[in-house]
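Notes for the one structure printed next.
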Amino acid sequence: MSGLTVKDLKKLQVDYPDYRMELVSGEIIVMSPSSLESDEVAAEIVAQLRNWVRPRKLGRVIASSGGFRLPNADGDIRAPDASFISAEKLPRPTEDYAELVPDLIFEVKSKSDKLPKLRQKIQDFLELGTIVGVLVNPRNRTMEVYRFMREKIVLRDGDVLEVAEILPGWKLPVAEVWAPEFE
């Protein structure tokens, strides 16, 4: 089914509240539940971001259920796994989708995700104004860092993610986001 609108998405979300959905190019994409590992990694990223951002009143940290109405021709509704919006862009919370692109997004690969689709989602956000997009892959313990019109950077354990152009002073050691193993 194509040619669907935000109104259709909202109706489906009322009818099926347990499903996460996105609206992409007039089609509804139903998001399957993510694996525990990928969700735990996303939760850690949200926690690390929130713990830096909130005390400094720098903006908003949004988890995977927060939707953004993108300023593209199709009016897509997308939801990154984690995102940051500067306080200047969104000084007050909204009950509806934020009609903007976040400054920083993270996509965490789960077992069912395809890397090309995740990379394309990040590129779509970058083309619309997101400053940095990060693809996190728990299986190979890497972070691919994307900036518009620049080569990607691949970070591994021992490296530190920094996004000084958005959050000066914030550092995220790559090794700290992975799900712990208890033995």
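The values are calculated or read from the model by the stated rules, or taken from the named source; none is laboratory data. No experiment lies behind these values; they were computed from the predicted model shown. Neighbour counts are summed over all protein chains in view; Cβ atoms, including those assigned to glycine, are modelled from backbone coordinates with ideal geometry. The area values use the complete protein model at the heavy-atom level, side chains included, leaving out ligands, DNA and RNA. Shrake-Rupley method; radii C 1.70, N 1.55, O 1.52, S 1.80 Å.
Taking Cα pairs under 8 Å and at least six residues apart, what relative contact order does the chain come out at, in percent?
Numbers: 334 pairs, mean separation 28.1, N = 183.
The normalised contact order for the chain reaches 15 percent.
Let me check something: with ligands and nucleic acids excluded, how do Met149, Met143, Met31 order by accessible area (1.4 Å probe), largest to smallest?
Output order, biggest surface exposure first: Met149, Met31, Met143.
Just add up the charged neighbours of Ser86: K/R +1, D/E -1, any other residue whose Cβ is under 10 Å from the Cβ of Ser86.
0
How high is the relative contact order of the range 50-114, in percent, with contacts defined as C-alpha pairs under 8 Å that are six or more residues apart?
Over the range 50-114, the number comes to 32 percent.
What do you reckon, how do Val14, Val136 stack up by accessible area (1.4 Å probe), largest on top?
Val14, Val136
Return, ordered by residue number, the residues of the range 66-94 whose backbone nitrogen is under 13 Å from a label point located 7 Å along Cα→Cβ of Thr5.
Under cut-off, by backbone N: 75.
Note down the net charge around Asp39, summing +1 for each Lys or Arg and -1 for each Asp or Glu among other residues with Cβ under 13 Å from its Cβ.
-3
Label points 7 Å out from Cα along the Cβ direction at Lys114 and Ala87: separation in nm?
Each label point is offset 7 Å from its Cα along the Cβ direction, giving 4.2 nm.
Counting DSSP beta bridges with both partners in the range 1-134, what percentage is antiparallel, nearest 5?
DSSP beta bridges in the range 1-134 are roughly 80 percent antiparallel.
Keeping to pairs on different chains or 8 or more places apart, tell me how many lysine pairs in the range 47-166 have Cα atoms under 30 Å apart.
16
If I stretch the segment between Asp15 and Glu162 completely, what's the gain in nm (0.36 nm per residue apart, minus their alpha carbon distance), one decimal? Let's see the in-between values first.
Details: separation 147, 0.36 × 147 = 52.92 nm, distance 4.08 nm.
Here the answer is 48.8 nm.
Using a 1.4 angstrom probe with every protein chain in place, what is the largest-first accessible-area order of Ile131, Ile45?
Ile131, Ile45
Going by amide H atoms built from the backbone, whose H comes under 5 Å of the H on Met31, apart from near neighbours?
Excluding prolines and chain starts, which carry no amide H, the hits are Arg20, Met21, Glu22.
Just the projected area, averaged over all directions, of the convex hull on the alpha carbon atoms of the chain: how many nm²?
Mean orientational projected area (the chain, Cα hull): 11.3 nm².
In whole Å, what is the distance between the alpha-carbon centres of the range 133-151 and the range 55-94?
What the calculation gives is 19 Å, centre to centre.
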